[in-house]
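The values are calculated or read from the model by the stated rules, or taken from the named source; none is laboratory data. Just so we're clear, the structure is a prediction, and the values are computed from it rather than from any experiment. Note that we place each Cβ from the backbone using ideal geometry, even for glycine, and neighbour counts take in every protein chain shown.
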Amino acid sequence: MTTLMGLDLTGRAVLVAGGGPVAARRVQALLADGAAVTVVAPDVCETLRDLALAGEVVLHRREVESGDLDGAWLVHTATGDSVTDVAVVAWAEERRIFCIDAGSRGRPAAGSARTPATTRTGDLVLGVVSTGAADPRRSVAARDALAAHLREGAVDLRRRRDPRPGHGHVTLVGGGPGELGLMTVEGRRALAQADVVVTDRLGPVGVLDELPASVQVIDVGKVPGHHRFTQAQIGDLLVEHARLGRAVVRLKGGDPFVYGRGGEEVLACRAAGVPVTVVPGVSSAFAAPLAAGIPLTHRGVVGSVLVMNGQDGFSGAALTGLRESTCTVVVLMGVGVLGDLATTALAAGVRADLPVAVVENGTLPNQRVTHATLATVTAAAAERRVKAPAVIVLGDVADPGLLVPASGRGVAAATMGS
């Protein structure tokens, strides 16, 4: 019967007998686990030679001998010579040292240990090993299927033991524009490990329904004119929970670093000495136009894109790009100032018939698109009662006649207006 155990090889002596590609792969894995590796082989491949030259392994260019096993915690055979491998296995058995027999092709594996097919998810290592005859392909297939399940965030991976104060961490997760299918695998995995989720009102809030009831969810979402939490308070909140030893996910719509103030939250964590990582997300600046069938760049039409915050107003570069039709301008947070933006652009000499599209709730089932021109967009938005969240696209690519086929669940429900 074969059992699966996690071995701590950090600083422990491991002998690898063999110098070919198989031995090289196993040596690299052992080094990643912190083992002190000695390789014995008359000839070695380039990878092992480079590792020896770099001082990462001890190399003896000769045939393996019984005495090479002295002091080893683990032995790995990969000579490709059946007689030699079987001899090494026997020497290990005599010394009560576990031995992995990797050179057993064409004969039953004779070692006392096996290398599982492994994959890593955060600080967890998932391993699959067969209890009968060694069957690496089957083990790999099972590992890959289980790994995919973990990557999708379908398993609650929170720590079950009480967290240690001071050992928490913060992960900023870009949740994308709202459609759950557009949230990254890495983002879903982070949520599966979260003890606390600090969330906005935008983005894939539906994913919160999938969390275990014991996960603490804190809504810090901001609406125009009403901020229940200041940005400084949000930073303090992240630090407070992390210092209690909790895994904290800051779930944000779009991408944390595209008008998401993610940089400020990273700095707040670093200033407090709290470990912080960032998971990128799909920004609505790009996803919403695509969902509406609007290509932000199109050969023969325009080749550059400028993304701006509507509250800041047009930059000189944006107005020049619109005037000269050399740039598509994408406006986030601009619904409340749409009239001012249109007036400014017209006064700066941008042509009145410049196509404009306003995409509400991009990628979601209630997505709605309003098409107009720069001269008519203010009235069209008022008539259709356009509301945030919405992305505004200005430029020739917003012409309805240029629309390209789009795909996705949110797109099917989109309606077009004029």
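Take segment 170-221 and flag every residue that is in a strand (DSSP E or B) and over 18 Å from Y259 (Cα atoms). Steps first, please.
Just the residues of segment 170-221 that are in a strand (DSSP E or B), to begin with: 170-174, 176, 196-199, 216-219.
Residues satisfying the conditions are V170, V196, V197, Q216, V217, I218, D219.
Being modelled with pLDDT of 95 or more, among the aliphatic types (A, V, I, L, M) and touching a helix residue (DSSP H, G or I) at 6+ places or on another chain (Cβ under 9 Å) narrows it down to one of V301, V266, V276, so name that one.
On the way: V301 fails: modelled with pLDDT of 95 or more; V266 fails: touching a helix residue (DSSP H, G or I) at 6+ places or on another chain (Cβ under 9 Å).
The match here is V276.
From S325, S315, which residue is surrounded by fewer than 15 Cβ atoms within 10 Å (Cβ to Cβ), touching a strand residue (DSSP E or B) at 6+ places or on another chain (Cβ under 8 Å) and on the phi < 0 side of the Ramachandran plot? So that I can check it myself, show each step before the final result.
Working: S325 fails: on the phi < 0 side of the Ramachandran plot.
Matching residue, one of S325, S315: S315.
Is it the case that segment 240-253 has a residue that's in contact with a helix residue (DSSP H, G or I) (Cβ under 6 Å, 6 or more places away or on another chain) and either in a helix (DSSP H, G or I) or at pLDDT below 95 (or both)?
There is no residue in segment 240-253 that is in contact with a helix residue (DSSP H, G or I) (Cβ under 6 Å, 6 or more places away or on another chain) and either in a helix (DSSP H, G or I) or at pLDDT below 95 (or both).
Only one of (1) part of a helix (DSSP H, G or I); (2) within 26 Å of G178 (Cβ to Cβ) fails for P256. Which number is that?
Going through (1) part of a helix (DSSP H, G or I); (2) within 26 Å of G178 (Cβ to Cβ) one by one, P256 breaks only (1).
For segment 1-86, give me every one of the strands (runs of 3 or more DSSP E) that falls completely inside it and has 3 or more residues that are among the aliphatic types (A, V, I, L, M).
Details: elements: 13-17, 36-40, 58-60, 74-77.
Because the criterion is at least 3 residues that are among the aliphatic types (A, V, I, L, M), the strands (runs of 3 or more DSSP E) in segment 1-86 that meet it are 13-17, 36-40.
In the set A78, A72, A52, which member is surrounded by 16 or more Cβ atoms within 10 Å (Cβ to Cβ) and out of contact with any helix residue (DSSP H, G or I) (no Cβ under 9 Å at 6 or more places or on another chain)? Working first, answer last.
Numbers: A78 fails: out of contact with any helix residue (DSSP H, G or I) (no Cβ under 9 Å at 6 or more places or on another chain); A72 fails: out of contact with any helix residue (DSSP H, G or I) (no Cβ under 9 Å at 6 or more places or on another chain).
The unique qualifying residue is A52.
Can you tell me which condition G300 does not meet? The list is (1) in a loop (DSSP other than H, G, I, E, B); (2) in the same structural domain as E179 (by TED's automatic domain parsing); (3) farther than 22 Å from I392 by Cβ; (4) not hydrophobic (A, V, I, L, M, F, W, C), and all the others hold.
(2)
Restricting segment 340-358 to residues that are assigned to a helix (DSSP H, G or I) and without any contact (Cβ under 8 Å) to a residue 40 or more places away in the chain, which is surrounded by the most Cβ atoms within 10 Å (Cβ to Cβ)?
So the first thing to find is which residues in segment 340-358 are assigned to a helix (DSSP H, G or I), and the list is 340-347.
Next, only the ones that are without any contact (Cβ under 8 Å) to a residue 40 or more places away in the chain stay: 340, 342-344, 346-347.
Working: D340: 14, A342: 25, T343: 13, T344: 15, L346: 14, A347: 9.
That would be A342.
Do we have T376 as free of Cβ contacts under 8 Å to residues at least 40 places away in the same chain, surrounded by fewer than 21 Cβ atoms within 10 Å (Cβ to Cβ), among the β-branched types (V, I, T) and touching a Phe, Trp or Tyr at 6+ places or on another chain (Cβ under 7 Å) here? Walk me through it before giving the result.
On the way: free of Cβ contacts under 8 Å to residues at least 40 places away in the same chain: yes; surrounded by fewer than 21 Cβ atoms within 10 Å (Cβ to Cβ): yes; among the β-branched types (V, I, T): yes; touching a Phe, Trp or Tyr at 6+ places or on another chain (Cβ under 7 Å): no.
When the stated conditions are applied, T376 does not pass them.
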